[in-house]
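The values are calculated or read from the model by the stated rules, or taken from the named source; none is laboratory data. Because the structure is a prediction, the values reported are computed rather than measured. Cβ placement follows ideal geometry from the backbone for every residue including glycine, while neighbour counts extend to all protein chains displayed. Protein only, heavy atoms only, side chains kept; ligands, DNA and RNA dropped before computing areas. Shrake-Rupley method; radii C 1.70, N 1.55, O 1.52, S 1.80 Å.
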2 protein chains.
Amino acid sequence: MAKQKKSEGLLGQLRVPSGPVDLTKYDTRATPGFSGTKEEGKVALEELGAEVSDWQERLFAEGRKGGQRSVLLVLQGMDTSGKGGVIRHGAGLMDPQGLRITSFKAPTPAEKRRGFLWRIRQALPGPGMIGIFDRSHYEDVLIARVRNLVAPPVWNRRYEQINDFEAELAANGVTLLKYFLHISPEEQKTRLEARLDDPTKHWKYNPGDVDERELWPAYVEAYHAALERCNGPEAPWYVIPSDRKWYRNWAVTTILLETLRSLDPQWPIADFDVTTEKKRLAST
Amino acid sequence: MAKQKKSEGLLGQLRVPSGPVDLTKYDTRATPGFSGTKEEGKVALEELGAEVSDWQERLFAEGRKGGQRSVLLVLQGMDTSGKGGVIRHGAGLMDPQGLRITSFKAPTPAEKRRGFLWRIRQALPGPGMIGIFDRSHYEDVLIARVRNLVAPPVWNRRYEQINDFEAELAANGVTLLKYFLHISPEEQKTRLEARLDDPTKHWKYNPGDVDERELWPAYVEAYHAALERCNGPEAPWYVIPSDRKWYRNWAVTTILLETLRSLDPQWPIADFDVTTEKKRLAST
């Protein structure tokens, strides 16, 4: 996949090549694939709505008629990177009936006892659905590693466990899109300040956010490992420059749209005789 | 609640009064509370988006900070009455993160063994969420009764079981809005014909729909029983004239909006010291 050309769309441009990853080389304010202004970016996002909804409905219809395919978006990123914003503004363009959104918090004791992938499996999208994970099993090699929540041999084993799991998903018809929403530490500071300045945003602020912020370099290191070690051809990572919210929302949605186009779900053929049914209906 | 005045909003106008119900007295093409055209109705719905989203976010925020309240919309109606359309166009105005949508199909054997309310309880919205049921526990006194899926004493007992269950929901902070999307048999015929005429809609058509259609009077009788026997002050039914799709979507959303206004969720007060946090953040 590292061989993808720019002509292959935004998907090809933002795809993380295989091999070592250095996030400091990615500009968090860049807008690859989009040359317009912020206002134009917002309009461009809205304009994706009709097509992305159409593909979503085709995929959903396919799932209703025996198709097994689904799509799963994994959203990862530092606090305030905009996982919620992507869902509100990007996923919000689609029919909520075809979405399955799960926000993963710290696992409960009962969840921990079942192994880190158990709760993830519970939340997988069914046939025809678009699943969205706000955080994911990657937290088990991110905060778990940075905060020493488990011993190093435990988190170290998880990369392969994740690769096996994601290969299983692909084999089961799940198209996986993993997004790293990439912001700079300065942008995070600005966004946390904004939350503190606005009483209607206080509920989004957690004093623990500052503690996490102080571990920024350790998180970057953990992301480097995750993006390098779990980046197979069927489980790609995309780094989304996310200092500009409008670009982030447009880019995430565009990559989804390009993916849906390539899946190319078709309206199911009637599994009944249309003429017969028209007659039956007419007689009622 | 039967005493509600028109001045109490659409909620008061469309609320089913207590006592016997006769659906034939409700005009399925009426547009109570709205005097404009179809185009104006569509614009009016879009214009509800900002306010309903704002209330939704407040409710969500409250739920994140210890609040226990939630809202649950129950959508019932004959085939093609537009349960899916309401979700797409009405719920689609809101942030999908704050929605929990469940579509109930025929229960599986495992679900049946657990009693008819078990799967309903699994699907209840958490604190701060807006739940939407596309069909619900009412199917257990509708198709179950019409189709003799269980013996009469079994379905007959369920009305009280539903009342007890819904009283429990209210006591737990769930505001319940039960909508009957009311279409005429002629409108249903038109909509089924449209599905047969359009290959992109064949997947929505099921030959069983015609069989169900032939049981229309039995379903009306079953709805009468449900709307009369399960219509307590804290578990109200609203009859939504639904031959006009645009009115249906606007009315369902308006009743939700009026309900959210009356719940009046407030932005949570910070549970940390804002000045301290600003200083901590500034030092990073």
Within the protein assembly as shown, the percent of DSSP beta bridges that are antiparallel, given to the nearest 5, stands at 5
Counting other chain Cβ atoms within 10 Å of each Cβ in A:100-111 and taking the mean gives 1
The answer for the per residue Cα convex hull volume of region B:6-265, in Å³, is 136
With R₀ set to 30 angstrom, the calculated FRET efficiency between the beta-carbons of B:D164 and B:A106, to the nearest 0.05, is 0.80
Computed over region B:6-265, protein heavy atoms only, probe 1.4 angstrom, the accessible area per residue in square angstrom equals 42
Sorted by chain and number, the residues with a modelled amide H under 5 Å from that of B:S70, at a separation of 5 or more or across chains, are B:G128, B:V174, B:T175
Net charge (Lys, Arg +1; Asp, Glu -1) of residues whose beta-carbon lies under 9 Å from that of B:L75, B:L75 excluded, is +2
Label points for B:T190 built 7 Å along Cα→Cβ; distances to same position in the other copies, nm, shortest first, come to 5.3
Comparing each residue of region A:249-284 in the complete protein assembly with the chain by itself (heavy atoms, probe 1.4 Å, ligands and nucleic acids ignored), those losing at least 10 Å² of accessible area are A:W267, A:P268, A:A270, A:F272, A:V274, A:E277, A:K278, A:R280, A:L281, A:A282, A:T284
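Just checking the output field for A:196-206: average partner chain Cβ neighbours within 10 Å of each residue's Cβ?
Values: counts 9, 2, 1, 5, 7, 3, 10, 13, 3, 6, 3.
Mean partner shielding for this stretch: 6.
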Rounded to a whole number, the mean other protein chain Cβ count within 10 angstrom for residues of B:89-97 is 6
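Rounded to two decimals, what ratio of Rg to Rh does region B:110-252 give with C-alpha atoms and a Kirkwood Rh?
On the way: Rg = 16.5 Å, Rh = 16.9 Å.
Dividing the radius of gyration by the Kirkwood radius yields 0.98.
In the protein assembly as shown, what percent of the accessible surface is made up of carbon and sulfur (1.4 Å probe, ligands and nucleic acids excluded)?
Values: 13070 of 25240 Å².
Percent of accessible area from carbon and sulfur atoms in the protein assembly as shown: 52.
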Relative contact order as a percentage, region B:6-265, C-alpha pairs under 8 Å and 6+ apart, gives 36
What helix-only [θ] at 222 nm does chain B give? Using -39500 (n - 2.57) per DSSP H run of at least 4, over all residues, to the nearest 500, the answer is -14500 deg cm²/dmol
Rounded to the nearest 100 Å², the accessible area hidden between B and A, summed over both chains at a 1.4 Å probe radius, is 4100
at B:P17 the sorted inter-copy label distances (label 7 Å from Cα on Cβ side), in nanometres, are 7.6
Partner lysines whose C-alpha sits under 22 Å from that of B:K38, ignoring same-chain residues fewer than 8 away, are B:K83, B:K189, B:K245
Hull surface over four for the Cα convex hull of the protein assembly as shown, reported in nm², is 27.7
Here the correct list, in nm and shortest first, of distances from A:R114 to the same site in the other copies, label points 7 Å along Cα→Cβ, is 1.2
If you rotate chain A onto chain B, the residue of A with its Cβ nearest that axis, and the gap in whole angstrom, comes out as A:P96, 2
Longest principal axis of chain A (C-alpha) makes with the long axis of helix A:38-64 (C-alpha) an angle, in degrees to the nearest 10, of 50
